[in-house]
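Asks: Just dropping this structure here.
The values are calculated or read from the model by the stated rules, or taken from the named source; none is laboratory data. Computed from a predicted structure; not experimentally measured. Here the Cβ is made from the backbone with ideal geometry for all residues, glycine too, and neighbour counts use every protein chain on show. These accessible areas exclude ligands, DNA and RNA; they are computed on the full protein's heavy atoms, side chains included. Shrake-Rupley method; radii C 1.70, N 1.55, O 1.52, S 1.80 Å.
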Amino acid sequence: MKIAFTTTGDSPDSPLDPRFGRATGFLVHDTETNSFEAFSNTRNLNAVQGAGIQAAQNLATLGVEALVTGHCGPKAFTVLSRAGIKVYNTDLTTVSQALKAFQNGELTAAVSADSESHWV
């Protein structure tokens, strides 16, 4: 299973970015290989609109099955849901903390977006 985390860095100790579409990047954890791979999101960072939709499409292309983030808007949530990607919202501060909470079943999959629009 591949789990994406919104982040401002490229390691498990990096801070979790509370934004989805305008996150600095994504750290994807592959549970089968126990490896991490960082992906930049700079192209969407300054997008006038559609940042969440494009970021969601990018994660779907990577084969991600779960996303752990701070907040996710309605348009991105729709794209993620249609792609079969479950969204988990958290206010934990690092990727490693969020991964541990995910693995321990402490995070609940969201049933809808938790913000009205993008987070700047």
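Asks: Could you please find all residues in segment 60-112 being in contact with a Pro (Cβ under 8 Å, 6 or more places away or on another chain), open to solvent by 30 Å² or more (accessible area, probe 1.4 Å) and not hydroxyl-bearing (S, T, Y)?
Replies: Within segment 60-112, H71, D91 qualify.
Asks: In this structure, is K100 under 17 Å from K2 (Cα atoms), basic (K, R) and either in contact (Cβ under 8 Å) with a residue 60 or more places away in the chain or in contact with a strand residue (DSSP E or B) (Cβ under 6 Å, 6 or more places away or on another chain) (or both)?
Replies: In short, no.
Asks: What are the residues in segment 26-59 that are among the polar types (S, T, N, Q) and either crowded, with 19+ Cβ neighbours inside 10 Å or on the phi < 0 side of the Ramachandran plot (or both), if any?
Replies: Answer for segment 26-59, where residues must be among the polar types (S, T, N, Q) and either crowded, with 19+ Cβ neighbours inside 10 Å or on the phi < 0 side of the Ramachandran plot (or both): T31, T33, S35, S40, N41, T42, N44, N46, Q49, Q54, Q57, N58.
Asks: What's the number of the condition G105 fails, among (1) under 26 Å from E32 (Cβ atoms); (2) part of a helix (DSSP H, G or I); (3) out of contact with any strand residue (DSSP E or B) (no Cβ under 7 Å at 6 or more places or on another chain)?
Replies: Against the list (1) under 26 Å from E32 (Cβ atoms); (2) part of a helix (DSSP H, G or I); (3) out of contact with any strand residue (DSSP E or B) (no Cβ under 7 Å at 6 or more places or on another chain), G105 comes up short only on (2).
Asks: Among the residues of segment 5-25 satisfying the criterion of being within 10 Å of V95 (Cβ to Cβ) and in contact with a helix residue (DSSP H, G or I) (Cβ under 7 Å, 6 or more places away or on another chain), which is surrounded by the fewest Cβ atoms within 10 Å (Cβ to Cβ)?
Replies: Of the residues in segment 5-25, the ones within 10 Å of V95 (Cβ to Cβ) are 5-17.
So of that shortlist, the ones also in contact with a helix residue (DSSP H, G or I) (Cβ under 7 Å, 6 or more places away or on another chain) come out as 5, 7, 12-14, 16.
On the way: F5: 29, T7: 26, P12: 17, D13: 11, S14: 19, L16: 24.
Only one residue tops the list, namely D13.
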